[in-house]
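In what follows, a single structure is set out as structure tokens and then discussed.
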Amino acid sequence: MTDNNIEGVRVLTDMFGLTGRVAVVTGASSGLGLGFARTLAAAGATVYAAGRRLDRLIALSGEVPGIVPVRCDVTDDGDRKALVDRAISDTGRLDVLINNAGRPGPPNAEDETLEGFHSILDLNLAAGFHLATYAVAKIPAENHASIINISSVVGLVSTAPIGGASYAASKAGTLGLTRELAGQWGRRGVRVNSIVPGWFDTEMTDGLFSNDKSAGWVRRNTMLGRGGVEGEIDGAVLFLASDASSYMTGQTLVVDGGWTAR
Ligand SMILES: NC(=O)c1ccc[n+]([C@@H]2O[C@H](COP(=O)([O-])OP(=O)(O)OC[C@H]3O[C@@H](n4cnc5c(N)ncnc54)[C@H](OP(=O)(O)O)[C@@H]3O)[C@@H](O)[C@H]2O)c1
């Protein structure tokens, strides 16, 4: 390798590397969260990968060095605290928290009960709020932690014609919460940002991509003419998790193939 190449690798490792850092990723048993956990581990982090399907997390930890599987229902207060406590008691630090676990509610507002509405907000919004506040109280000051909240394009624009009142409310709320926590915690060096994914083919969107009509609708309305594929959002997560984004907080990073720029 030439001196220039060695210097280039050093610059990239310094900016994007996560060696020695500790991350918690919720919803890491499938879809986007699984990719986030793999990416952070590949960059050198120890990743506490959380979800309810422990078998999947154990399988992931068998494939990828640096992954620690943790069974956690993020709607359960005790599980949330145990997840953060485990990461900090094992390692003495917590550098990255990715609030990714989530699911949609029913499409039509009139079919959504108040109880159901609350349950989507509990999972998609309140769980991340509590994980973040609980973690920040315990994160050592020198960690300069990065919190990343996974929102959605429907936090920015309407879900029409799909529908989803509680889901849209939770994802728009995530963006407001991100700005607010960023403002409250900036001076202690904790950064808080959101990622807005467009349409990616995961378990959650299975019905969308397996149906020709709705898959065509995604293609027609996305500037790049297709849905996102595995790995295409991981660079955004690595950027926000690492020192490459050290002067960025309170922001929304949109990874949607141009969906919201129409
Ligand atoms: N795919 C897209 O097009 C898209 C677009 C915009 C935003 N998003 C957002 O991206 C995030 C990930 O979704 P995905 O597309 O990757 O869907 P997914 O494959 O269905 O993943 C959802 C994850 O959330 C976890 N989860 C659900 N309820 C949980 C609970 N109570 N406690 C702990 N974990 C729970 C699931 O794990 P367990 O079942 O094992 O608990 C699973 O790992 C969600 O917040 C979603 O709203 C996705």
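The values are calculated or read from the model by the stated rules, or taken from the named source; none is laboratory data. Keep in mind that this is a model prediction, so the values were computed, not measured. Cβ coordinates were reconstructed from backbone atoms using ideal geometry, including for glycine residues, and neighbour counts include every protein chain displayed.
Tabulated data for the structure shown
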| quantity | calculated |
| --- | --- |
| The stretch 119-155: number of residues that are part of a helix (DSSP H, G or I) and under 21 Å from the mean Cα position of the chain (by Cα) | 24 |
| Elements of type helices (runs of 4 or more DSSP H) contained in the stretch 1-64, each with 3 or more residues being at pLDDT 95 or above, over 21 Å from Gly235 (Cβ atoms) and not charged (D, E, K, R) | 54-63 |
| Any hit, the stretch 237-247, residues being more than 19 Å from Gly102 (Cα to Cα), in contact with a Gly (Cβ under 8 Å, 6 or more places away or on another chain) and of a type outside the set (D, E, K, R) | yes |
| Qualifying residue in the stretch 209-229 (condition: loosely packed, with under 13 Cβ neighbours inside 10 Å, of a type outside the set (Phe, Trp, Tyr), within 12 Å of the ligand (Cβ to nearest atom) and not in a helix (DSSP H, G or I)) | yes |
| Test: residue in the stretch 81-95 that is under 16 Å from the mean Cα position of the chain (by Cα) and not in a helix (DSSP H, G or I) | yes |
| Of all residues making up the stretch 64-98, the number that are of a type outside the set (Val, Ile, Thr), within 16 Å of the ligand (Cβ to nearest atom) and farther than 13 Å from Arg21 by Cβ | 13 |
| Residue count for the stretch 225-250, restricted to those that are under 24 Å from Ala42 (Cβ atoms) and either out of contact with any Ser or Thr (no Cβ under 7 Å at 6 or more places or on another chain) or of a type in the set (S, T, N, Q) (or both) | 15 |
| Pick from the stretch 127-173, criterion free of Cβ contacts under 8 Å to residues at least 40 places away in the same chain and surrounded by 19 or more Cβ atoms within 10 Å (Cβ to Cβ), ranking: farthest from the ligand (Cβ to nearest atom) | Ala168 |
| Single match in Gly27, Gly31, Gly8 (criterion: loosely packed, with under 15 Cβ neighbours inside 10 Å and among the small types (Gly, Ala, Ser)) | Gly8 |
